[in-house]
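Below you'll find the structure, written out as structure tokens, and then a few comments.
The values are calculated or read from the model by the stated rules, or taken from the named source; none is laboratory data. Just so we're clear, the structure is a prediction, and the values are computed from it rather than from any experiment. Because the Cβ atoms are built from the backbone with ideal geometry, glycine has one as well, and the counts that use them run over all protein chains shown.
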Amino acid sequence: MTAKTKDGKEIFNTSKIYIPQSPLKGRDDKMVYGPFRKSGMIADTSLQPGRPTEEFFEIGFPYEDIEKDGKKTRNIKAKEMDITVRLWYLPAGGNHRDDAATPINKAKYLFYETTRKVTVK
């Protein structure tokens, strides 16, 4: 998810990965066996078919504090922002990081994209 001002300046950028999480091997980031071989899950953060998923993000509009006549006022620099949400599908079995030295499978597919304008009044 990316939030940009009207002039194209990026205010906020984040990403989230939806996968099942296994309860074992919490000390390191190696995965010996996949989650399908584990006896239980800590949390299932995968996207389930037919079930809507909602995420909430708090994005602050850029502002500056100005002092006029001894009083502090907050001036909002940008009163509009465009928020773009992209949902990517990354096939299993590959290393999809951009900084990976030897990626096994770099294929990723844009599944859904939407852009909305948010304003402050």
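Determine if the range 77-84 includes at least one residue that is within 18 Å of Lys9 (Cα to Cα), at pLDDT 60 or above and among the β-branched types (Val, Ile, Thr).
Here is the first cut: in the range 77-84, the ones within 18 Å of Lys9 (Cα to Cα) are 77-84.
Narrowing further to those that are at pLDDT 60 or above: 77-84.
Okay, now just the ones that are also among the β-branched types (Val, Ile, Thr), so 83-84.
Yes: one or more hits.
Which one of Ser15, Ser39 is at negative phi, at pLDDT 60 or above and assigned to a loop (DSSP other than H, G, I, E, B)? Walk me through it before giving the result.
Numbers: Ser39 fails: at pLDDT 60 or above.
Answer to the check: Ser15.
Please find, within the range 61-76, the residue that is farthest from Lys16 (Cα to Cα) out of those that are in contact (Cβ under 8 Å) with a residue 40 or more places away in the chain and not in a strand (DSSP E or B). It would help to see each step written out before you state the result.
From the range 61-76, those in contact (Cβ under 8 Å) with a residue 40 or more places away in the chain are 61-62, 76; that's our starting set.
After this cut, where a residue has to be not in a strand (DSSP E or B) as well, the list is 61-62.
Details: Phe61: 21, Pro62: 23 Å.
Taking the candidates together, the pick is Pro62.
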